[in-house]
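Here the structure is laid out as structure tokens; the discussion comes afterwards.
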Amino acid sequence: MLIGNRVKYLGIVFGVVFAALLIAQQSSIFCGIMLLTIGQIRDVEGPGIWVMDRNVEFIDDIKPMSDTDLFRVKGVKGVDWAVAFYKGLVRARMEKGDFHQVILLGIDDATLIGAPEGLFMGTLSDLRTPEAVIMDDAGYARIWPGEPFVLGKVFEMNDHRAVLVGITKASRTFQSFPIIYTRYSQAVLFAPSERKVLSFVLANPKPGIPAEDVCRTITTSTGLQALTRDQFMKKTIRHFLMKTGIPVNFGITVMLGFLVGTAIAGQTFYLFTIENIKQFGALKAMGTSNRTILLMVLSQAVQVGIVGYGVGVGLAALFGWGTRGLTKLAFFMPWQVLVLTAVAVFLIILLASLLSIRKVLVVDPAIVFRG
Amino acid sequence: MTLFDPVDALSETDVAVRVRGVTKEFGSGDWLTKALRGVDLDVPYGALLMLVGPSGCGKTTLVSIVAGTLQATEGEVIVLGKDLAAMKSSQKVRFRRDNVGFVFQSYNLLPALTVVENAAVPLIIAGWRRSHAIEAASEILDQLGLGNRMTSLITELSGGQQQRVAIARALVHEPRLLVCDEPTSSLDAENGRITLELISKIAVQPDRAVIVVTHDSRVYDFADQIASMEDGQIKSVRDCRTNACKNPPLENS
Ligand SMILES: Nc1ncnc2c1ncn2[C@@H]1O[C@H](COP(=O)(O)OP(=O)(O)O)[C@@H](O)[C@H]1O
Ligand SMILES: [Mg+2]
């Protein structure tokens, strides 16, 4: 090891840890939020195709179609089946008179396609009874904080009575409103009366026909926008990436972590080099080639980088693990985050050692006899 | 293939170092310093030559040129039969690695390494296996009386001990030229004498040469020859094996 000074060594490592931690943690939260944005698409597992208005940009961007559009989609060649899907923000009025914004999802009366998987209270078939709704557990906890989960709760939406018959564990959504499932015909009643209510048509291609092809056929023959499940997720994520300030905010924090980390590590490394410049000069006088010196400095930097990366990413993962119970924080660390952080750390140690490398390469071995 | 290699142009000379008409200028114009103004000097094999003279007279400049860390402005510098003036800088790096040992006033040991690791550095630079290098370094440290401090850190040693580690490092690869610039000026009288005694005992060998720059008249009696410098030139060279070098006292600074 080159760096004999423990304080300096820790200083350099600290710079790298700081940057790695901030970058890994912030990008993981960012990825978590991106995952939230597509949570509602992922929750609807059956259909391979989502059909919507031409101008819809993402899942929460509802532009109602007319009911006849469902039959037009059903008639398209290659479509196996198609069902209506309602999604909207609705005000729910509780027994005590308090109001809550909720996300209302209306699924096909006959098939219940789009229903949540795995209720943890109640049975799905109870949704067929009049006025029946299913709510997600997080939403329940928001509306009735501290109360145990019980079925049979009654409330109102648009002056229509709703009865809770099931509780599910839905993916958290970006907006984090309670989510209420009901039949489509019921949703139409719960929704504020509008001329058009059909939000999406969920469809599936006939076996053997690629979903992409069917989407194209739907679009050309109906003028509606048809996307595969994957395409819709990507489009939604792209919307949040391009049209919102979220990536910029996270980008700024990540950049800051990068810069501060580079500054700390670089400055400490440089100070160390200056302090030991005569030792480097002595090594050169004794016949160490520039190449060897370069390798020495770089291998030291890489060693610091590996330690800093490990500790930083480890701390970030620990943070994610520690906050996993808190519903407010989204944290998702895919391998891309690890790669991004590794690249950033590599750049940091490269930048940090650059000045030092320059310094030791130009040092004249003749200085060793001076003073 | 070249028939004429300027570096090896001279047949092995009978002196280890031959310097003729060497000048060295630093800077230019108003800032021109003539550090060396035509130096002639021979250092025979098997001898310890002390280079003495007032501060600023050019001693460090001269030994730097002889050791191959500094390029002379003019003149002939033949060291161990090689013409340093004709060497490319990469050749000089290799020449220093293989042939020159250095002892500095400020030791310049690596604080992150142990005593034995420091002493092994020249061998590791030369590409030795680490275990062999450590073994060779231990041997010479033993000779220098540091056998019990092998795994100490440099910072745990006294100045005299550090300078002995530096001597071990300078000699471990058995260089044929040892260059020491004021090796005793950071040490007290006793450690200064011990240092020079060790250098004269271990480093002086029939096929090697030692140059010691010093101010320190207390150690003159370890010299085989004393070359006095003044104002960038050699004023006199006395052979201590025939003359008494201790008195009359030479010029001191
Ligand atoms: N790198 C340099 N640049 C400019 N002047 C130098 C440099 N090195 C030495 N000198 C000058 O050369 C002269 C001889 O210096 P030096 O060889 O260090 O003397 P000594 O070792 O005898 O004290 C001094 O005047 C010094 O200022
Ligand atoms: Mg000097």
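The values are calculated or read from the model by the stated rules, or taken from the named source; none is laboratory data. Note that the structure is a prediction, hence the values are computed from the model and not measured. FYI the Cβ positions are ideal-geometry reconstructions off the backbone, even for glycines, and counts take in every protein chain you see. To get the accessible areas, we keep the full protein, side chains included, count just its heavy atoms, and leave off ligands, DNA and RNA. Shrake-Rupley method; radii C 1.70, N 1.55, O 1.52, S 1.80 Å.
Out of the residues in segment B:28-49 that are more than 23 Å from residue B:205 (Cα to Cα) and hydroxyl-bearing (Ser, Thr, Tyr), which is nearest to ligand 1 (Cβ to nearest atom)?
Here the answer is B:33.
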(request) Kindly indicate the residue of segment A:42-66 that is acidic (Asp, Glu) and modelled with pLDDT of 90 or more and also farthest from residue A:204 (Cα to Cα) among those meeting that condition. (result) A:57
(message) residue B:157 - would you say it is within 14 Å of another protein chain (Cβ to nearest Cβ), more than 16 Å from ligand 2 (Cβ to nearest atom) and open to solvent by less than 20 Å² (accessible area, probe 1.4 Å)?
(response) yes
(request) Residue by residue through segment B:31-68, note down the ones that are within 13 Å of ligand 2 (Cβ to nearest atom), part of a loop (DSSP other than H, G, I, E, B) and within 26 Å of residue A:284 (Cβ to Cβ). (result) B:55, B:56, B:57, B:58
(request) Return the total of residues in segment B:93-117 being more than 13 Å from chain A (Cβ to nearest Cβ) and not in a helix (DSSP H, G or I). (result) 0
(message) All but one of (1) over 18 Å from residue A:193 (Cα atoms); (2) open to solvent by less than 30 Å² (accessible area, probe 1.4 Å) hold for residue A:106; state the number of the condition that does not hold.
(response) (1)
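Kindly establish whether residue A:243 is of a type outside the set (Asp, Glu), touching a strand residue (DSSP E or B) at 6+ places or on another chain (Cβ under 7 Å) and more than 14 Å from chain B (Cβ to nearest Cβ).
In short, no.
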(request) Filter segment A:269-326 down to residues that are over 28 Å from residue A:257 (Cβ atoms) and small (Gly, Ala, Ser) and give me whichever is farthest from the other protein chains (Cβ to nearest Cβ). (result) A:281
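In segment B:50-92, which residue that is among the hydroxyl-bearing types (Ser, Thr, Tyr) and within 16 Å of ligand 1 (Cβ to nearest atom) is farthest from the other protein chains (Cβ to nearest Cβ)?
Kept after step one, since they are among the hydroxyl-bearing types (Ser, Thr, Tyr), are these residues of segment B:50-92: B:55, B:60-61, B:64, B:69, B:73, B:89-90.
Narrowing the set further to residues that are within 16 Å of ligand 1 (Cβ to nearest atom) leaves B:55, B:60-61, B:64, B:69, B:73.
Details: B:55: 12, B:60: 5, B:61: 9, B:64: 5, B:69: 4, B:73: 14 Å.
Out of the qualifying residues, it is B:73.
So which of A:288, A:262 is among the hydroxyl-bearing types (Ser, Thr, Tyr) and free of Cβ contacts under 8 Å to residues at least 12 places away in the same chain? Talk me through it step by step, then tell me what you get.
Values: A:262 fails: free of Cβ contacts under 8 Å to residues at least 12 places away in the same chain.
Of the residues listed, the single one that is among the hydroxyl-bearing types (Ser, Thr, Tyr) and free of Cβ contacts under 8 Å to residues at least 12 places away in the same chain is A:288.
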(message) All but one of (1) in contact (Cβ under 8 Å) with a residue 24 or more places away in the chain; (2) within 14 Å of chain A (Cβ to nearest Cβ) hold for residue B:128; state the number of the condition that does not hold.
(response) (1)
(request) Could you identify the single residue in B:136, B:189, B:126 that is of a type outside the set (Lys, Arg), in contact with a His (Cβ under 9 Å, 6 or more places away or on another chain) and open to solvent by 40 Å² or more (accessible area, probe 1.4 Å)? (result) B:126
(request) Scan segment A:88-104 and report the pairs whose first residue is touching a residue at least 24 places away in the same chain (Cβ under 8 Å) and whose second residue is open to solvent by 90 Å² or more (accessible area, probe 1.4 Å), with Cβ atoms within less than 8 Å and a gap of 6+ or a chain change. (result) A:91/A:99; A:92/A:99; A:93/A:99; A:100/A:91; A:100/A:142; A:101/A:91; A:102/A:91
(request) Quick one: residue A:189 ticks every box in (1) open to solvent by 50 Å² or more (accessible area, probe 1.4 Å); (2) within 15 Å of residue A:104 (Cβ to Cβ); (3) touching a residue at least 40 places away in the same chain (Cβ under 8 Å) except a single one, so which number is it? (result) (3)
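With the condition kept exactly as written, say whether any residue in segment A:274-291 is in contact with a Leu (Cβ under 9 Å, 6 or more places away or on another chain) and among the β-branched types (Val, Ile, Thr). If you could, list the steps in order and put the result at the bottom.
Filtering segment A:274-291 down to residues in contact with a Leu (Cβ under 9 Å, 6 or more places away or on another chain) leaves A:276, A:279, A:282-283, A:290.
Still in the list and also among the β-branched types (Val, Ile, Thr): none.
No.
Residue-wise test of (1) open to solvent by 40 Å² or more (accessible area, probe 1.4 Å); (2) more than 23 Å from residue A:336 (Cα to Cα); (3) within 14 Å of chain B (Cβ to nearest Cβ).
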| residue | (1), (2), (3) |
| --- | --- |
| A:5 | yes, yes, yes |
| A:20 | no, no, no |
| A:36 | no, no, no |
| A:42 | yes, no, no |
| A:45 | yes, yes, no |
| A:48 | no, yes, no |
| A:59 | no, yes, no |
